[in-house]
Amino acid sequence: MSDDPRKPSTKEEGWNLKAGYLQLPTKLFSKVRPGPVKDPKIVIYNKELENSLGIKIQDLDKRESASIFSGNELPKGAQPIAQAYAGHQFGHFTVLGDGRAIILGEQITPRGERYDIQLKGAGPTPYSRRGDGRAALGPMLREYMISEAMYALGIPSTRALAVVSTGERILREKRLPGAVLTRVAASHIRVGTFEYIRQFGNVEELKALADYTIQRHFPHILKESNQDSIEDQEQAGLQINTKYVKFFDEVVDRQASLIAKWQLVGFIHGVMNTDNMAISGETIDYGPCAFMNTYDPETVFSSIDRGGRYAYKNQPGIGQWNLARFGESLLPLIHKDPSQGVKIIEKHLQKFATQYHEYWLEGMGKKLGIFQIAAKDEELMDQLLQIMKEEKSDFTNTFVALSYGKEKELSINENQEFVNWHNKWQKRLKEQKESKEEVEKLMRGSNPLVIPRNHQVEKAIHAAVDNSDYREVRKLIEVLQNPYRESEENEAYQKPPGPSEKPYVTYCGT
Ligand code: AMP
Ligand code: MG
């Protein structure tokens, strides 16, 4: 290791960092170096993710590895930046930006994919406002566990490569151990990034961001709509720029699919502000998120969400609201005449509700072993959910019991309405050509046995933060890697919280 802790590492560690974002208008980012920390130690590391990124850290216990994932030392090729963005927070427009996150660069993997490598909690940036730029160990462990669990569930998500404890204490409600999380994302471009450039940039700058994003996430659009055809349309007097309309459609579709997936596992994001909605369609920013135990559409975990704006049942609607903000930001690119642009965006935004509904029906169908959705299936689904709500059933475990023929273990089984529903459901399954075994396979692959339940996540975090005991965190990470695999060993992780355990509330003091 060099004597200067800020000097780039010369070691061959498989880094292949590019800085494509730096070609964008400079008002979209600030060059900033991570602030140094006192005594970095890697406490959790994701070998599997390291492999797929093509990084090869030789010795994790070495100080130099911790140096990189704390920001003390820069990996080869790093050109660190903090991104500028805005966002609607609880419905109100605010100027934000990475106040405590620094992107080291875009790692090109051996398979040619591009991922942002970001250090969260890496020190102050020009966007920190009154914040200290730092993160506490507990919430970073939480983001690691939950984002990796989401990935294993098959839900698009940013991922977590490492958590490094900094050896420093940071001030929140009380002094807490600090940490840096290495987050890996398809990109960190948000709805809020577009809102920012629309507010503070000109049309060329907005176009530069849109073109960059299309190239990065939806390159097929470029093949479909080349510039000539757009000019043709302009000459024909249509003046619609189909490239950007398609871009909007794609983002709408990915969000519809993503939010349907959240609903189907009972995930509540908790703070669906437009700055926390990634254009890539990945789940991003695990702050006050949590998984629902008892099925109740009104569920809210976040202490700051007093009005229930981001309650479970509101997530699809909020998704559409956020996409309306995205569409507004794109308006100057859609049509020369703004009123025409609004009409086009409104029309295409309508697709969200239909697409979300289709994704949800298809997903719920799989959870119930239905291969081809028929018109009457939705009623069947709604009836079950209604009974589950009345019975205060555990969301995950009800579907597990249906998948494994363990209905007798459920208290809901004593409810006559449920028994009637069950008969109807069985009859419906028999109408299909697929065998009982095929139905079982579909259901078992669609209903996770383990989800990151709050009481277990919190217990693991407490042991780590209070006693530096990482055994439970590691165990939980391991269990959550195979959420659909039946295992006796994992049974303890399937249990909902006991009646003595307090209702879960998440706090934003992250
Ligand atoms: P979030 O609620 O996590 O999406 O964050 C909202 C905004 O607050 C983002 O711009 C963050 O970068 C910023 N922020 C959160 N915590 C801190 C902190 N400790 N220091 C500086 N900025 C922060
Ligand atoms: Mg955020």
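The values are calculated or read from the model by the stated rules, or taken from the named source; none is laboratory data. Just so it is clear, the model here is predicted, and its values are computed rather than measured. Here the Cβ positions follow ideal geometry from the backbone for every residue, glycine too, while neighbour counts run over all protein chains shown. Please note that ligands, DNA and RNA were not included when accessible areas were found on the heavy atoms of the full protein model with its side chains. Shrake-Rupley method; radii C 1.70, N 1.55, O 1.52, S 1.80 Å.
Would you tell me the accessible area of residue 390, worked out with a 1.4 angstrom probe on the heavy atoms of the protein chains, in Å² to the nearest 10?
Rounded to the nearest 10, the figure is 100 Å².
Express the accessible area of the chain per residue in Å², computed with a 1.4 Å probe while the remaining protein chains stay in the model.
It amounts to 44 Å² per residue over the chain.
Would you mind working out the magnitude of the charge dipole of the range 19-64 relative to its Cα centre, with +1 at each Lys and Arg C-beta and -1 at each Asp and Glu C-beta, to the nearest 20 Debye?
Dipole magnitude for the range 19-64 comes out near 300 debye.
Given only helices, namely DSSP H runs of n ≥ 4 each adding -39500 (n - 2.57), what is the per-residue ellipticity at 222 nm of the chain, to the nearest 500 deg cm²/dmol?
That comes out to -13500 deg cm²/dmol.
For residue 188, what accessible surface area do you get with a 1.4 Å probe? Give it in Å², rounded to 10.
0 Å²
Please express the shape of the range 17-191 as an equivalent ellipsoid: the semi-axes are the square roots of 5 times the eigenvalues of the C-alpha gyration tensor, given largest first in whole angstrom. Spell out each step's value before the answer.
Values: eigenvalues 98, 84, 57 Å².
Semi-axes from the Cα gyration tensor: 22, 21, 17 Å.
With only alpha-carbon atoms counted, please give the Rg and Dmax of the range 347-505, in Å.
Spelled out, the Cα radius of gyration and Dmax of the range 347-505 are 18.2, 56 Å.
May I ask which of 313/459; 406/495; 366/430; 243/343; 38/120 have a Cα-Cα span longer than 18 Å here? Please list the in-between numbers first.
Values: 313/459 28 Å; 406/495 15 Å; 366/430 15 Å; 243/343 16 Å; 38/120 16 Å.
Exceeds cut-off: 313/459.
Could you compute how much accessible surface residue 465 exposes when probed at 1.4 Å, giving the result in Å² to the nearest 10?
Accessible area, nearest 10 Å²: 40 Å².
What is the dipole size for the chain, taken about its Cα centre, with +1 at each Lys and Arg Cβ and -1 at each Asp and Glu Cβ, in debye to the nearest 20?
With Lys and Arg at +1 and Asp and Glu at -1, about 1000 debye.
Relative contact order (percent) for the range 370-444, with alpha-carbon contacts under 8 angstrom and 6 or more residues of separation?
Rounded, it is 39 percent for the range 370-444.
From the mean inverse distance of alpha carbon pairs (Kirkwood) and the Cα radius of gyration, derive Rg over Rh for the chain.
0.98
Taking only C-alpha pairs under 8 Å that are 6+ residues apart, what is the relative contact order of the chain in percent?
14 percent
Say the cut-off is 21 Å between C-alpha atoms; which of 27/76; 62/174; 31/76 go over it?
Violating the 21 Å limit, Cα to Cα: 27/76; 62/174.
If only Cα atoms are counted, what is the Rg of the range 370-444, and what is its Dmax, in Å?
12.1, 34
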